[in-house]
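I have placed the structure first, in the form of C-alpha cells, so that the comments after it can refer back to it.
The values are calculated or read from the model by the stated rules, or taken from the named source; none is laboratory data. Every value quoted in this text rests on a predicted model; they were computed, and no experiment measured them. Positions of Cβ are backbone-derived with ideal geometry, glycine not excepted, and every protein chain shown enters the neighbour counts. Remember, those area values only see protein heavy atoms, side chains included, never the ligands or the DNA or RNA. Shrake-Rupley method; radii C 1.70, N 1.55, O 1.52, S 1.80 Å.
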Amino acid sequence: MANTETVDLINEKAALMRRHVVEMGFGAGGRGAHFGPALSSIEIVASLFFGIMNHDPENPTMADRDRFVQSKGHACLALYSALGEAGYITKEQMATFKGDGSFLAGHPTRNPQYGIEVSSGTLGNGFAVACGMAKAAKIKGEDHKVFSLVGDGECNEGVIWEAAMNAVKYGLDNLVAIIDRNFVQLAGTTKDIMDVDIEALWRAAGWDVLVLEDGNDAASLLDALAEMKDSSNGKPHVIIANTTKGKGISFMEGSLNWHARPMNQEQYDAAIADLENAKTI
Amino acid sequence: MNPAALDKLQDWSKAGHRTVQADTLMMLAAEHPEVVALSADLTPTARLVEFKDTYPDRFFDVGIAEQNLIDFSAGLALEGLRPFAVGLAAMVPMRPAEQVRAALGYMNANVTVIGIEAGVRFGPLGNTHYAMDDIAVVRAIPNFTVIAPSDPLSTHKALYACIEHEGPVYLRLTGGPGYPVMYSEDFDFQIGKSIEYRPGSDVAFISSGSLLADAVGAADILEDKGISTRVVDMHTIKPLDTEMLDKVFAENKLVVTVEEHSPMGGLGGAVAEYKAGVVGAPKQVFASLGDKFQKLGDHKFLMKENGLTAPDLATLAETNL
C-alpha cells in the first residue's frame, strides 16, 4: 500500500498540475488547448513522475531513467505540467505553450533534454515506439521500465493492436501501459464512436490487465503502478484506469465540449475558482 | 565495405538484390553489435532466414504489421540500436507512410528502411505489388535520405554507408536475378555523391537504381552514332548531388533522367526541381514508368512497355537532342 505521505504528495502535485493546465491552456488564447484529456490524466502522470519513476531532472538523459512516453499526445498539458513541477522546464517556458517558436507544441516533440522522450500526436504511434524502447532495454540488459500513457479513444487505432500483439510476443514485462479511460473522445463518447470492450481486447492480446475503478485516485494508482513496475511475469502490463474527462473543473467533467477548445476569461475564472475551492475542501 | 563482398559479386549478380542486402546485413551484424533486423512476415522473401537463425535475439518478425514495423524500429533506434527494417517497397514505406514521417523522419531516428522489389519488379503479381511512387512519398519527408543503388557492390556499400549515417534512410532496391555488375572493384561510395560512370558532352543520362546498366547500353548505341553521352549514377536521390548536376547542366545539351518510378516526385522530379532555378540549363526528358497503373506482365515486358530498355532510351535521347 502506498504510504499516506506519498499519496498526499501526489495529490498536492496533481492540484498544482491542474492549475498549470488551466494557466497554459488559457494562455494559449484563441489557439485553445486539449483541456479535458489532459485533466483526466493528471493523477496518472503525477503518480509516475512524483511517486513511481526513477528519473532526475538534473540529469534528464541518464541511462537508467525510467521512460515516460505520452502516446495520447494531445493531452500534452498533463506532461508539460509534470515537467514544470519536476523542474525539467521553467515557468517561463511553460508560458510559451503553443506560442510561435515555442518547443512546447500542441503535441509533444521529442526533446530528451527537457524530458520529452518521443514525438507523438498521431495516435497509436507513441505506444508502438514505447514497445520498441522496452525491447531495446531487454536487448541491452538494462533494468529501467517504460511507461506509456494511452487514450481509450486511441485504442481505435490499428497500430495499437499491432504493437500490443508484438509486445506479448517479445515478453515485454518491463513495459506498463496506462489507458486513461475517460470514456469521451473527440466526436462523442467512446460508447457512441466505437463501442468495444477494451478490457477484453487487451486480455485477448495476452496482456496482464488491471482495471482501476477510480483512475483519478492517487492511492490506487500508486499501488497498481508499483505492482506492475515490479512484476516480471513475462507479460506486458496494462492498467485500464477509469477516469473523468475534464476532472477537477466542474463544467468540463464528463463534457463532450471540452476535448479541445479555447477558454475565455469567464471560463478561466470559473476554472480557477473550482481549483481554489478544491483546496479548501 | 567488407572485402569478402568482392568474391561474392558473381553470386550476388545471379541472385539479385534480396540476397545482396541479406548477406550484407549478416556482415554488418557480425561487425556491429547494435545492428538488428526486422521484417513483417517476409523473412524468407527477404532472404533473412540465415540472419534469424544466426542472431535470434537480434531479429524481429513483427507479423503482418507494417505500421508497427516502423514504430517498433524507431523505439529500438531511439535507445541506440541500429535497426534495418526490410519489406516490400510497395508496402514498407507506403502502408505506414504516416509512421515513416512521424516516427522516423520527425524524430530523425537511425532506422534504415529497405524496400525490396521496388518499381515493377514483381511483374505478374500486379499493381498492388509495384512501388512506383515510393520515392516521391519518402523524399518529401524531412531528414530522410533516399538511396537507389545500381548494382550488387553499390548495394553492399550503400548499406555500409547507412550504418555510419545519422538519420533515417530509405534504401530502394531494384535489380533482380541477373543484377548487372557495374562495379567489379572497390570504389568510393558516399551518400549524396553521385558517380560519373562515363564522360560525354551531348546527352547526359542521369540514372538511379539498376537501370544504370540500360543507360550505359543506350550510351553505347548513341556513341556508335557519334553522339557523345555522359552517364551519371545518381545513387542518392536525396540529398541530390547538385554539384554534379551543375556540371551536367553546363556541359551537356540534353538531360535524360532514368528511373523505375513514376515521372512524378522521383529522381526526374528531383532533378527538375533543382533545374528550375538554373538559368540556361538544358532540356530534360523523363525516362520513367508512366503516370498510370501498369499492364500485367513480367519485368522485361514492363520495361519495354515503359520505354526503359537501352534501345528505347537511346531513341528517346536522339529524338530530343
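Mind counting the residues in segment B:223-232 that are touching a Ser or Thr at 6+ places or on another chain (Cβ under 7 Å) and open to solvent by 20 Å² or more (accessible area, probe 1.4 Å)?
2
What about A:ASP152, is it farther than 26 Å from A:GLY30 by Cα, within 14 Å of chain B (Cβ to nearest Cβ) and among the charged types (D, E, K, R)?
Criteria not met by A:ASP152.
Yes/no per residue for (1) under 21 Å from A:MET1 (Cβ atoms); (2) open to solvent by less than 20 Å² (accessible area, probe 1.4 Å); (3) of a type outside the set (Lys, Arg):
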residue	(1), (2), (3)
A:ILE193	no, no, yes
A:ALA204	no, no, yes
A:LEU212	yes, yes, yes
A:GLU227	yes, no, yes
A:LYS247	no, no, no
A:GLN267	no, no, yes
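Could you please find all residues in segment B:156-179 being farther than 17 Å from B:GLY192 by Cβ and buried (at least 23 other Cβ atoms within 10 Å of the Cβ)?
B:HIS156, B:LEU173, B:THR174, B:GLY175, B:TYR179
Hey, could you check segment A:138-149 for residues that are surrounded by 24 or more Cβ atoms within 10 Å (Cβ to Cβ) and aliphatic (A, V, I, L, M) and say which is farthest from the other protein chains (Cβ to nearest Cβ)?
This residue is A:LEU149.
So, restricting to helices (runs of 4 or more DSSP H) that lie completely within segment A:74-177, which ones have at least 2 residues that are hydrophobic (A, V, I, L, M, F, W, C), in contact (Cβ under 8 Å) with a residue 40 or more places away in the chain and more than 30 Å from B:ILE64 (Cα to Cα)?
Fully inside segment A:74-177 and qualifying: A:76-86.
Report yes if B:GLY80 is at the interface with chain A (Cβ under 9 Å from one of its Cβ atoms), open to solvent by 10 Å² or more (accessible area, probe 1.4 Å) and not in a strand (DSSP E or B), otherwise no.
yes
Which of the following residues is in contact with a strand residue (DSSP E or B) (Cβ under 7 Å, 6 or more places away or on another chain) and either within 23 Å of A:LYS138 (Cβ to Cβ) or at pLDDT 95 or above (or both): B:ALA29, B:ALA65, B:ALA5?
The match here is B:ALA29.
So which of B:ALA131, B:ALA136 ends up being open to solvent by 10 Å² or more (accessible area, probe 1.4 Å) and in the same structural domain as B:THR19 (by TED's automatic domain parsing)?
The match here is B:ALA136.
Working only within segment B:90-102, note down all residues that are open to solvent by less than 10 Å² (accessible area, probe 1.4 Å) and aliphatic (A, V, I, L, M).
B:VAL92, B:VAL100
Among the listed residues B:GLY75, B:GLY115, B:GLY87, identify the single one that is within 14 Å of another protein chain (Cβ to nearest Cβ), crowded, with 22+ Cβ neighbours inside 10 Å, at negative phi and touching a residue at least 40 places away in the same chain (Cβ under 8 Å).
B:GLY87
Got a sec? Which of B:ARG101, B:ARG47 is closer than 23 Å to B:ALA148 by Cα, part of a loop (DSSP other than H, G, I, E, B), assigned by TED's automatic domain parsing to the domain that holds B:ALA148 and under 22 Å from the mean Cα position of the chain (by Cα)?
Only one candidate passes the filter, namely B:ARG47.
Can you tell me how many residues within segment B:103-112 are open to solvent by 20 Å² or more (accessible area, probe 1.4 Å) and more than 16 Å from B:VAL86 (Cα to Cα)?
2
Please count how many residues of segment A:16-52 are in a helix (DSSP H, G or I) and within 20 Å of A:HIS259 (Cα to Cα).
Of the residues in segment A:16-52, 25 are in a helix (DSSP H, G or I) and within 20 Å of A:HIS259 (Cα to Cα).
Consider only pairs whose beta carbons are under 7 Å apart and that are at least six residues apart or on different chains; among these, list those whose first residue lies in segment B:251-263 and is not assigned by TED's automatic domain parsing to the domain that holds B:HIS235 and whose second residue is among the acidic types (Asp, Glu).
none
Per-residue answers, yes or no, for (1) among the aromatic types (Phe, Trp, Tyr); (2) at pLDDT 95 or above; (3) within 15 Å of the chain's Cα centre (by Cα); (4) buried (at least 23 other Cβ atoms within 10 Å of the Cβ):
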position: A:ASN3; (1), (2), (3), (4): no, no, no, no
position: A:PHE26; (1), (2), (3), (4): yes, yes, no, no
position: A:ASP66; (1), (2), (3), (4): no, yes, yes, no
position: A:VAL69; (1), (2), (3), (4): no, yes, yes, yes
position: A:GLY101; (1), (2), (3), (4): no, yes, no, no
position: A:GLY106; (1), (2), (3), (4): no, yes, yes, no
position: A:GLN113; (1), (2), (3), (4): no, yes, no, no
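Output yes when any residue across segment A:119-133 is out of contact with any strand residue (DSSP E or B) (no Cβ under 7 Å at 6 or more places or on another chain), facing another protein chain (nearest Cβ under 9 Å), open to solvent by less than 20 Å² (accessible area, probe 1.4 Å) and on the phi > 0 side of the Ramachandran plot, and no when none is.
Looking for residues that are out of contact with any strand residue (DSSP E or B) (no Cβ under 7 Å at 6 or more places or on another chain), facing another protein chain (nearest Cβ under 9 Å), open to solvent by less than 20 Å² (accessible area, probe 1.4 Å) and on the phi > 0 side of the Ramachandran plot, one finds at least one in segment A:119-133, hence yes.
Quick test of your reading of the structure: A:ALA164 fulfils all but one of (1) in contact with a Pro (Cβ under 7 Å, 6 or more places away or on another chain); (2) closer than 26 Å to B:ARG95 by Cα; (3) open to solvent by less than 20 Å² (accessible area, probe 1.4 Å). Name the failing condition by number.
All conditions are met except number (1).
Give me the residue from segment A:158-195 that is under 18 Å from A:GLY215 (Cα atoms) and charged (D, E, K, R) and, out of that set, farthest from the other protein chains (Cβ to nearest Cβ).
A:ARG181
Going through segment B:90-107 one residue at a time, which ones are charged (D, E, K, R) and either more than 7 Å from every other protein chain (Cβ to nearest Cβ) or at positive phi (or both)?
B:ARG95, B:ARG101
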